[in-house]
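Notes follow the structure.
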Amino acid sequence: MKKFEEQKFKIPKLKGISEKNIEEHLKLYAGYVKNANLILEHIEELSPQSERFAYELGELQRRFAFEFD
């Protein structure tokens with residue numbers, strides 16, 4: 001399964017937004033990418049036994065939607 005890759009952004013100073021705020025948002029973005037990949041790995045592991053893990057797969061898909069969006 002293809003993994004998402006974190007993209008690096010070079011955001012210049014923006015009027016009204018501190019550099020610290022930009023850094024925090026980029027850290028959050030990196031976390032979303034990491035978590036989306038982890039969730040996709042879990043889905044891939046459980047998919048062969050989808051009937052047995054139906055509830056878990058449903059929850060993982062809901063969590064993935066949050067991380068992806």
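FYI, it's all coordinate maths here, none of it is from the lab. Keep in mind that what you see is a predicted model, and the values were worked out from it rather than measured. Reconstructed Cβ throughout: ideal geometry from the backbone, glycine too, with neighbour counts over all protein chains shown.
Tell me, what is the percent relative contact order of the stretch 12-69, built from C-alpha pairs under 8 Å that lie six or more residues apart? Let's see the in-between values first.
Working: 23 pairs, mean separation 21.4, N = 58.
Reported as a whole number, the value is 37 percent.
Quick one: divide the alpha-carbon radius of gyration of the chain by 2.2 N^0.38 Å and tell me what you get.
Numbers: Rg = 16.2 Å, N = 69, 2.2 N^0.38 = 11.0 Å.
Compactness ratio reported: 1.47.
By how many degrees, between 0 and 90 and to the nearest 10, does the Cα long axis of helix 54-68 differ from the longest principal axis of the chain?
The angle comes out near 10 degrees.
What is the sum of charges, Lys and Arg at +1 and Asp and Glu at -1, for the other residues whose Cβ falls under 11 Å from the Cβ of F53?
Here the count lands on -3.
Loop only per DSSP, at most 14 neighbouring Cβ atoms within 10 Å: give me the trypsin sites (Lys or Arg not before Pro) in the stretch 25-69, ordered by residue number. Write out the running numbers ahead of the final one.
On the way: sites: K27, K34, R52, R62, R63; in loops: R52.
Here the trypsin sites (Lys or Arg not before Pro) that fit, given the DSSP loop and packing criteria, are R52.
Nearest 500 deg cm²/dmol is fine: what mean residue ellipticity at 222 nm does the chain get from its DSSP H runs of n ≥ 4 alone, each adding -39,500 (n - 2.57), divided by its residue count?
Working: 2 runs with 43 residues, N = 69.
Per the formula, -21500 deg cm²/dmol.
Treat every Asp and Glu Cβ in the stretch 19-68 as -1 and every Lys and Arg Cβ as +1, leave all other atoms uncharged, and give the resulting dipole magnitude about the Cα centre to the nearest 20 debye.
100 debye
Taking the chain as the reference, fit the longest principal axis to its C-alpha atoms, fit the long axis of helix 19-46 to the helix C-alpha atoms, and give the angle between the two in degrees, 0 to 90, nearest 10.
It works out to around 10 degrees.
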